[in-house]
Amino acid sequence: MGEASQRAPAPVVIDTNGVLDLFLFDDAAARPLRGAIERGRVRWLALPAMRAELARVLGYPQLRRQIARRAVSPDGVLAAFDRWSCPMPEPARAPMACADPDDQIFIDLAFAAQASLLSKDLAVLALARRLGTHGIMVCTLGAWRPGPLET
């Protein structure tokens, strides 16, 4: 077996807007990541609280209008979350705090799991340099590029 076949899939944490881009909006910028997840090249890490937030956001009136225009239901988005994400135990708090307390869970999990953090939230992106000093890449889904093992 070659070295590439022995490596574990790259871990990523995806914020709620990223999940919507992947499984509701079918954003072209998110397609490489979705393909890598579906091929098992990337391991998407998530917490029950992240799923609960996604379920809550899917009920927002402005999103309901978007959902009505698409061939995807809230249950379909949640089913994709359940199928493709890897449930993780609650992590310890990371040594850096996010300006938006709702986004702290993404930072905590990425820090604990040493996973890339994919977000377009400005409060999360503001921590990219600090998280980078701990080996954690923070970027948008559009900026994420598969490594040689994720293609």
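Within the stretch 84-94, the residues that satisfy the criterion of being touching a helix residue (DSSP H, G or I) at 6+ places or on another chain (Cβ under 9 Å) and either among the basic types (K, R) or surrounded by 11 or more Cβ atoms within 10 Å (Cβ to Cβ) (or both) are W84, S85, P87, M88, E90, P91, R93, A94.
Taking every residue in the stretch 79-99 that is among the hydrophobic types (A, V, I, L, M, F, W, C) and pairing it with any residue that is surrounded by 12 or more Cβ atoms within 10 Å (Cβ to Cβ) and in a loop (DSSP other than H, G, I, E, B), at least 6 positions away or on another chain, the pairs with Cβ-Cβ distances below 8 Å are M88/L47; M96/L127; C98/L127; A99/A126. Across the stretch 122-141, which residue is modelled with the highest pLDDT among those that are assigned to a loop (DSSP other than H, G, I, E, B) and under 12 Å from the mean Cα position of the chain (by Cα)? Among residues in the stretch 122-141 that are assigned to a loop (DSSP other than H, G, I, E, B) and under 12 Å from the mean Cα position of the chain (by Cα), the one modelled with the highest pLDDT is T140. Just one residue in the set D21, D27, D15 is of a type in the set (D, E) and in contact with a Phe, Trp or Tyr (Cβ under 8 Å, 6 or more places away or on another chain); that residue is D15. For the stretch 106-140, the set of residues classified as within 16 Å of L22 (Cβ to Cβ) and touching a Ser or Thr at 6+ places or on another chain (Cβ under 8 Å) consists of F106, L118, S119, K120, C139, T140, listed by residue number. The stretch 24-109 holds helices (runs of 4 or more DSSP H) entirely within its bounds, and those carrying 1 or more residues that are within 14 Å of the chain's Cα centre (by Cα) map to 31-38, 48-58, 74-84.
The values are calculated or read from the model by the stated rules, or taken from the named source; none is laboratory data. Not measured: the values here are computed from a predicted model. Please note: Cβ atoms are built from the backbone with ideal geometry, for glycine as well, and neighbour counts cover all protein chains shown.
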